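Step one of this worksheet: look at the structure below.
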Amino acid sequence: MPNIKSAIKRAKQSETKRARNTARKTSVKTAVKKVMTALTGNEDITTLRELLKAAEAKIARARGKGILHANTASRSVSRLAKRVSAAEKAAQASK
């Protein structure tokens, strides 16, 4: 543990930020997982779109806060959207 006052404050701030970043990263993973389970669970298209929209928002927020790299965020959104789009096409083809 640091002895200097400014170092003590910096350690507290780092711990707070680490906890906040971990929570945000976890919420992104949860949102992505919800979309993936909805895809395998044969949910209706409107539910899939809502889950995708929520996941995109969380990913964009994490990207803006510097938790995710910009390309990583774009790639994950693109892959999710591609899977949801394929599910939509499959659902329309089966009708």
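Screening 32, 77 for residues that are aliphatic (A, V, I, L, M), surrounded by 11 or more Cβ atoms within 10 Å (Cβ to Cβ), in contact with an Asp or Glu (Cβ under 8 Å, 6 or more places away or on another chain) and within 27 Å of residue 92 (Cα to Cα) leaves exactly one candidate, 77.
Check whether at least one residue in the range 11-29 is closer than 14 Å to residue 58 by Cβ, touching a Lys or Arg at 6+ places or on another chain (Cβ under 8 Å), assigned to a helix (DSSP H, G or I) and among the charged types (D, E, K, R), and report yes or no. Within the range 11-29, one or more residues are closer than 14 Å to residue 58 by Cβ, touching a Lys or Arg at 6+ places or on another chain (Cβ under 8 Å), assigned to a helix (DSSP H, G or I) and among the charged types (D, E, K, R).
When the residues of the range 58-74 are filtered to those that are in contact (Cβ under 8 Å) with a residue 12 or more places away in the chain and among the small types (Gly, Ala, Ser), the one that is surrounded by the fewest Cβ atoms within 10 Å (Cβ to Cβ) is 60.
Looking across 12, 65, one residue alone is more than 21 Å from the chain's Cα centre (by Cα) and of a type outside the set (Gly, Ala, Ser). It is 12.
May I ask you to list the residues in the range 46-75 that are of a type in the set (A, V, I, L, M) and farther than 14 Å from residue 20 by Cα?
Quick first cut of the range 46-75, residues of a type in the set (A, V, I, L, M) only: 48, 51-52, 54-55, 57, 59-60, 62, 67-68, 70, 73.
48, 51, 52, 54, 55, 57, 59, 60, 70, 73 - these are the residues of the range 46-75 that are of a type in the set (A, V, I, L, M) and farther than 14 Å from residue 20 by Cα.
Among residues of the range 80-95 being surrounded by 13 or more Cβ atoms within 10 Å (Cβ to Cβ), of a type in the set (Gly, Ala, Ser) and more than 30 Å from residue 20 (Cα to Cα), the one that is modelled with the highest pLDDT is 87. Residue selection: residue 51 satisfies the criterion of being outside any loop (DSSP other than H, G, I, E, B) and surrounded by 12 or more Cβ atoms within 10 Å (Cβ to Cβ). Based on what the data block shows, is residue 46 among the β-branched types (Val, Ile, Thr), out of contact with any Pro (no Cβ under 9 Å at 6 or more places or on another chain), modelled with pLDDT under 95 and exposed (fewer than 14 other Cβ atoms within 10 Å of the Cβ)? Considered against the rule, which asks whether it is among the β-branched types (Val, Ile, Thr), out of contact with any Pro (no Cβ under 9 Å at 6 or more places or on another chain), modelled with pLDDT under 95 and exposed (fewer than 14 other Cβ atoms within 10 Å of the Cβ), residue 46 comes out as yes. Any residue in the range 6-25 that is surrounded by fewer than 11 Cβ atoms within 10 Å (Cβ to Cβ) and within 24 Å of residue 89 (Cα to Cα)? Checked the range 6-25: no residue is surrounded by fewer than 11 Cβ atoms within 10 Å (Cβ to Cβ) and within 24 Å of residue 89 (Cα to Cα).
The values are calculated or read from the model by the stated rules, or taken from the named source; none is laboratory data. These numbers come from a predicted model, not from an experiment. Every residue, glycine among them, receives a Cβ derived from its backbone with ideal geometry; neighbour counts consider all protein chains shown.
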